[in-house]
Amino acid sequence: DPNGAPLWADQVAVFDTGTIPMGLYFSLQSDSSGGALLAWTSAVGFELSCQVQHQSPGGIELFPHNGLNAFPGSENWHVFPTLNHDPATGETWLFVRSQNIGQSNWGLSGQKLALDGSYLWGVSGKELLPVDGTWKSRPRSVLIPDLGAMVFQLTGSDFSPDEDILIGALVNADGDFVWPGETVIMSSTLSDKRKLWAITSNDGVAKAIWEDGRNDMGDIFGQNLNPDGTLGQPSSPVVDLPASSVITM
């Protein structure tokens with residue numbers, strides 16, 4: 001509570017079967033009703049999967065214990081989830097790096113879950129970028145009300161970390177790309193890029209921020225991406241976003 005006292009009688013074990021691999025982070029976001037959505041990578045045997053849990057304000061698990069597998073019909077591994085919850089619809093947008101079992105090919109996949117955990121993009125989700133030999137980083141995503149979700153990813157050569165670029169895309173409610181070219185190059189300078197984050201501002205523009213080693217050991221760079229796929233400042237005024245759509249992880 002506001003004074004720091006616990007509201008639950010005891011902690012809740014969200015995941016206690018299998019392991020969480022080292023270095024694979026989770027994504028957490030409020031459901032705007034006192035509860036939270038959580039996504040993480042789990043390892044059971046030799047399978048890496050993306051699990052999702054919806055926790056009620058009272059600590060009750062609304063999805064199956066140990067999480068709901070977001071891509072049960074896919075043969076690929078799914079790691080580094082980023083999620084966005086839409087309080088207006090109760091739906092959760094989820095994007096992950098997909099990869100082969102040998103971890104030598106990488107792609108981008110997405111899934112949308114209904115409030116009850118139903119798979120709105122099918123049990124295999126949507127393959128947005130193919131699993132191939134082009135290295136791809138963990139994704140980041142933000143919601144754009146009434147349009148869909150923007151997703152961002154660093155991509156380049158796994159054998160030369162100084163050759164990364166940054167791409168972004170807008171995905172609609174059906175899991176399809178919106179812009180004619182599908183993805184937009186947001187930073188074409190080949191350099192060592194890492195630690196990507198993304199937010200939406202109250203002017204409706206998505207902003208990506210990352211660490212960039214193009215000049216020295218590392219500076220902070222950023223780029224705006226507008227809902228029409230253009231970069232920089234928007235050419236026309238946009239509608240203010242509700243405060244609940246601003247923060248992402």
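The values are calculated or read from the model by the stated rules, or taken from the named source; none is laboratory data. On a predicted model such as this, the values are computed, not experimentally measured, just so you know. Virtual Cβ from ideal backbone geometry, glycine too; neighbours counted across all protein chains shown. Accessible surface areas use protein heavy atoms only, side chains included; no ligands, DNA or RNA. Shrake-Rupley method; radii C 1.70, N 1.55, O 1.52, S 1.80 Å.
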Nearby lysines by direct alpha-carbon distance to residue 126 (threshold 16 angstrom, same-chain neighbours under 8 apart not counted): 112
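Kirkwood hydrodynamic radius for the chain: how many Å is it when counted over pairs of different Cα atoms?
18.7 Å
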field: For residue 182, solvent-accessible area (1.4 Å; no DNA, RNA or ligand), Å²
entry: 90 Å²
- prompt: For the range 55-201, what number results from the quotient of the Cα radius of gyration and 2.2 N^0.38 Å?
  reply: 1.07
field: Dipole of the chain [Lys/Arg +1, Asp/Glu -1 at C-beta], most positive-end residue of 87, 26, 181
entry: 26
- line: Among 148, 230, 44, the residue whose Cα sits farthest towards the positive end of the charge dipole of the chain (+1 at Cβ of Lys and Arg, -1 at Cβ of Asp and Glu, taken about the Cα centre) is 44
Aspartates and glutamates whose Cα lies under 12 Å from that of residue 207, excluding same-chain neighbours fewer than 8 positions away: none
message: With a 1.4 Å probe and all protein chains kept in place, how much accessible area does residue 10 have, in Å² rounded to the nearest 10?
response: 110 Å²
query: Local charge sum around residue 221 (other residues, Cβ-Cβ under 15 Å, Lys/Arg +1, Asp/Glu -1)?
result: -1
